[in-house]
1. Residue 69 passes all but one of (1) surrounded by 17 or more Cβ atoms within 10 Å (Cβ to Cβ); (2) farther than 24 Å from residue 216 by Cα; which number fails?
2. Assess whether residue 28 counts as being modelled with pLDDT of 95 or more and part of a helix (DSSP H, G or I).
3. When you look at residue 215, is it touching a residue at least 12 places away in the same chain (Cβ under 8 Å) and among the aromatic types (Phe, Trp, Tyr), yes or no?
4. Within the bounds of region 63-71, is there any residue that is touching a Pro at 6+ places or on another chain (Cβ under 7 Å) and not charged (D, E, K, R)?
5. Given the criteria at pLDDT 75 or above, within 16 Å of the chain's Cα centre (by Cα) and in a helix (DSSP H, G or I), does residue 186 qualify?
6. If residue 119 passes every condition in (1) under 15 Å from residue 183 (Cα atoms); (2) touching a Pro at 6+ places or on another chain (Cβ under 7 Å) but one, which one does it miss?
7. With the structure loaded, tell me whether residue 50 is at pLDDT 95 or above and in a loop (DSSP other than H, G, I, E, B) or whether it fails that test.
8. Answer yes or no as to whether residue 89 is among the polar types (S, T, N, Q), surrounded by 16 or more Cβ atoms within 10 Å (Cβ to Cβ) and touching a Gly at 6+ places or on another chain (Cβ under 7 Å).
Amino acid sequence: MEGVSPCEQCVAIIPCWNESATIGPLVRRVRAQVAEVIVVDDGSTDMTAELALTAGARVERHDRRRGKGAALHTGLERAWKLGSRWAITLDGDGQHAPEQIPGFLQRAHLTGAMLVVGNRMTGAAAMPRLRRLVNRWMSRQLSRRTDRCLPDSQCGFRLLRLDAWAQLPIQSQHFEVESETLLAFIAAGFRVEFLPVPVILASRPSRIHVLPDTWRWFRWLRQSRQRTRPPTADVVPLPT
C-alpha cells in the first residue's frame with residue numbers, strides 16, 4: 001500500500017510451548033520492528049500466554065500441544081485473515097534477533113522474493129555438532145530434490161508473503177513444516193532467497209529430538225510427492 005512502510009505491512013508469528021523465560025522480552029523487542037505480534041501458545045503449561053499478552057502480543061491458544069507446524073499454521077492463518085501482506089516467523093526461545101527483521105523485508109523488496117529464509121551456515125561452527133551435521137544433511141537432500149542450493153533449509157527465522165502462502169497445500173504438523181514450506185514455494189515457482197543470520201544459542205535445551213524428529217522428517221521426504229515444476233494454473237502469479 002502506498003505510503004505504508006514494509007514493517008507496517010508485516011506481522012510476526014511466534015509459535016511457543018512453555019517459553020515463559022523468554023517470551024515477554026522477546027515480544028517487546030519484536031513489537032519495535034513490526035505492526036503486530038501473534039504468539040501461538042501450543043498448549044503450554046506455564047505462563048507463556050499471560051506473559052505474551054502483558055508484553056503486547058495477540059495470543060492464539062491451542063488446548064493441547066499439537067506441534068510447531070500446527071502452531072505456525074494457526075498464526076499464519078490469523079495474520080492472513082487480519083489482512084497482513086507479510087509474516088515473519090521466529091522461534092520463542094530467543095535464538096532469532098528481531099532487529100534483523102528489516103533486513104528480511106529489504107531483501108524481499110530488492111529481489112521480489114516471496115520467501116526469505118535465514119541462513120546460519122556462515123557461522124555454523126557455533127552450532128552443536130550433531131545439529132550442524134543433521135541440518136547440513138537435510139539441506140543437501142532438499143538441494144538435490146530441487147536442483148538448487150538451499151544452504152539452511154531448517155531455519156525457522158523466515159519471511160513469507162501471505163498471499164503466496166495461502167495458495168499452497170502445506171500440511172505438516174511438526175518440525176518438518178520448514179522443509180515442506182520451502183519445497184512448496186519453490187514448486188509453485190515463487191522466488192526464494194536466503195539471508196545470513198547469526199547463530200544464537202537458546203538458554204534452554206533444544207526442543208528438537210534428533211533421532212525421532214529426523215526419522216519423521218525422512219519419512220515425510222519419502223512420502224512427499226512434491227516435485228519442482230513451473231507454476232500451475234491454480235497458482236496465481238503475484239505482483240511484487
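The values are calculated or read from the model by the stated rules, or taken from the named source; none is laboratory data. From a predicted model like this one, the values you see are computed outputs, not experimental measurements. No Cβ is skipped: glycine too gets one built from the backbone with ideal geometry, and neighbour counts run over all protein chains shown.
1. (2)
2. Numbers: modelled with pLDDT of 95 or more: yes; part of a helix (DSSP H, G or I): yes.
Yes: the conditions hold for residue 28.
3. Values: touching a residue at least 12 places away in the same chain (Cβ under 8 Å): no; among the aromatic types (Phe, Trp, Tyr): yes.
So residue 215 does not fit the description; no.
4. To start, the set of residues in region 63-71 that are touching a Pro at 6+ places or on another chain (Cβ under 7 Å) comprises 68, 71.
Within this subset, residues satisfying the condition of being not charged (D, E, K, R) are 71.
Yes, because at least one residue in region 63-71 is touching a Pro at 6+ places or on another chain (Cβ under 7 Å) and not charged (D, E, K, R).
5. Working: at pLDDT 75 or above: yes; within 16 Å of the chain's Cα centre (by Cα): yes; in a helix (DSSP H, G or I): yes.
For residue 186, the condition - at pLDDT 75 or above, within 16 Å of the chain's Cα centre (by Cα) and in a helix (DSSP H, G or I) - is met.
6. Of the numbered conditions (1) under 15 Å from residue 183 (Cα atoms); (2) touching a Pro at 6+ places or on another chain (Cβ under 7 Å), the odd one out for residue 119 is (1).
7. Working: at pLDDT 95 or above: yes; in a loop (DSSP other than H, G, I, E, B): no.
The answer is no for residue 50.
8. Values: among the polar types (S, T, N, Q): yes; surrounded by 16 or more Cβ atoms within 10 Å (Cβ to Cβ): yes; touching a Gly at 6+ places or on another chain (Cβ under 7 Å): yes.
Answer is yes for this residue.
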